[in-house]
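Heads up: the structure comes next, in structure tokens.
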Amino acid sequence: MSRVYNFSAGPAALPEEVLKQAQEEMLDWQGSGMSVMEMSHRGKEFMSIAAQAEADLRELMAIPDNYKVLFMQGGASSQFSMVPMNLLRGKTSADYINTGSWSKKAIAEARKYCQVNVVAESPAGEYTVPAPDTLKLNRDAAYLHYTPNETIQGVEFPYVPESGDVPLVADLSSTILSRPVDVSKFGVIYAGAQKNIGPAGLTVVIVRDDLIGEPVKGTPAMFDYKIQADGDSMYNTPPTYGWYLAGLVFQWLKRNGGLAAMAETNQRKAAALYAAIDGSDFYHNPVEKSCRSWMNVPFTLADAELDGKFLAEAKEAGLVTLKGHRSVGGMRASIYNAMPESGVKALIDFMADFEKRNG
Ligand code: PMP
């Protein structure tokens with residue numbers, strides 16, 4: 001067996017320990033005589049798996065008791081519509097900050113339900129986030145939505161926007177669990193699982209109690225936070241295997257020191273990679289230093305003609321999925337929790353060697 005260092009933005013690498021545990025438990029989960037995939041979601045075995053996963057996530061993120069944790073389907077993209085459907089509650093507008101590709105998608109979807117005020121945006125062509133004092137928030141907005149980490153541009157907020165009494169909504173898809181966050185500052189946090197949580201198909205939604213109920217007329221039951229919360233995310237058959245695997249990841253995180261320890265390692269990994277890029281005239285990262293993502297590191301080569309060669313030789317060296325998103329080109333190294341420091345070091349060494357031979 002030879003495992004590669006996988007720099008995919010998502011679905012992304014999972015901790016090897018977690019995959020091995022899932023493999024060991026694949027045919028017979030803890031004496032049940034069946035795989036988790038084969039269990040009734042209402043049976044006591046799966047109910048215990050589900051409850052443990054939620055308890056572990058609550059502990060890891062220190063989620064206050066007045067928040068519900070929903071294990072849903074539909075990806076983060078479904079939340080682009082579920083957020084306005086559930087949070088408008090009679091209001092007619094919502095504030096959005098636009099910092100890149102995923103913000104734009106959230107905005108486009110919200111426009112189907114309400115007036116969207118884009119209260120701040122990154123200047124065109126600039127890889128940065130708006131300064132806190134430039135946010136022109138509306139006091140009558142139903143909520144303020146932002147994307148703390150733009151997975152494609154590699155741009156991250158170095159601060160949490162202050163929204164006063166207006167609930168703050170965050171698409172944490174590509175940065176959840178990478179470091180501690182103060183959940184109490186948010187009305188809703190959502191994230192597709194396929195980066196730092198587990199396999200694709202599961203979406204985690206953390207929503208404050210008082211924001212649940214009164215969805216817009218015509219909201220499908222599956223999209224109604226109240227129905228999902230009242231049914232403990234089992235209004236219909238939930239993504240059971242993804243939920244189980246997420247639970248294994250949460251336990252792995254707990255064994256490895258929780259989110260404070262993750263933050264330290266992630267910061268070190270990112271700092272080393274950015275230092276390698278900045279220390280060379282051959283590689284370039286366009287993001288303003290204060291807003292550089294710890295999770296997604298885009299970079300270009302001095303000569304784009306060498307991109308194909310770089311990718312082919314990196315693959316030979318066991319470093320895969322480094323191609324940048326089609327909308328920005330170049331390379332992108334996604335270095336989520338499951339990417340070990342040894343993987344980042346291997347990439348840095350390969351980059352230096354490639355530059356020596358081609359620079
Ligand atoms: N938001 C962000 C920040 C993302 O990175 C992604 C996926 N790359 C999405 C939303 C969309 O997620 P999904 O594919 O789960 O709908």
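The values are calculated or read from the model by the stated rules, or taken from the named source; none is laboratory data. Owing to the predicted nature of the structure, the values given are computational and were not obtained by experimental measurement. So basically every Cβ, Gly included, is an ideal-geometry build from the backbone, and we count neighbours across all protein chains shown. The area values use the complete protein model at the heavy-atom level, side chains included, leaving out ligands, DNA and RNA. Shrake-Rupley method; radii C 1.70, N 1.55, O 1.52, S 1.80 Å.
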message: Quick check on this structure: which one of K226, K217 is open to solvent by 30 Å² or more (accessible area, probe 1.4 Å), more than 12 Å from the ligand (Cβ to nearest atom) and either in a helix (DSSP H, G or I) or in contact (Cβ under 8 Å) with a residue 12 or more places away in the chain (or both)?
response: K226
task: Tell me, yes or no, whether segment 202-209 has at least one residue that is polar (S, T, N, Q), away from the ligand (no atom under 15 Å from the Cβ) and either open to solvent by 10 Å² or more (accessible area, probe 1.4 Å) or not in a loop (DSSP other than H, G, I, E, B) (or both).
output: no
- request: Just need a number here: residues in segment 4-26 that are closer than 17 Å to M331 by Cβ, of a type outside the set (S, T, N, Q) and within 16 Å of the ligand (Cβ to nearest atom).
  value: 5
task: Provide a single number: the residues in segment 316-341 that are in contact (Cβ under 8 Å) with a residue 60 or more places away in the chain and loosely packed, with under 14 Cβ neighbours inside 10 Å.
output: 2
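Looking at this structure, is L273 of a type in the set (A, V, I, L, M, F, W, C), surrounded by 20 or more Cβ atoms within 10 Å (Cβ to Cβ), in contact (Cβ under 8 Å) with a residue 12 or more places away in the chain and within 22 Å of K356 (Cα to Cα)?
yes
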query: Which pairs do you get when a residue that is over 18 Å from T175 (Cβ atoms), found in segment 99-126, comes within reach of a residue that is outside any helix (DSSP H, G or I) and open to solvent by 80 Å² or more (accessible area, probe 1.4 Å), reach meaning Cβ atoms under 8 angstrom, with the pair 6+ apart or on two chains?
result: C114/K91; C114/T92; Q115/T92; V119/K136; A120/K136; E126/E288
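Assess whether M234 counts as being more than 16 Å from the ligand (Cβ to nearest atom) and either without any contact (Cβ under 8 Å) to a residue 40 or more places away in the chain or assigned to a helix (DSSP H, G or I) (or both).
Numbers: more than 16 Å from the ligand (Cβ to nearest atom): yes; either without any contact (Cβ under 8 Å) to a residue 40 or more places away in the chain or assigned to a helix (DSSP H, G or I) (or both): no.
The answer is no for M234.
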- prompt: Mind checking whether some residue in segment 42-61 is touching a residue at least 12 places away in the same chain (Cβ under 8 Å), over 16 Å from G242 (Cβ atoms), open to solvent by 70 Å² or more (accessible area, probe 1.4 Å) and in contact with a strand residue (DSSP E or B) (Cβ under 8 Å, 6 or more places away or on another chain)?
  reply: no
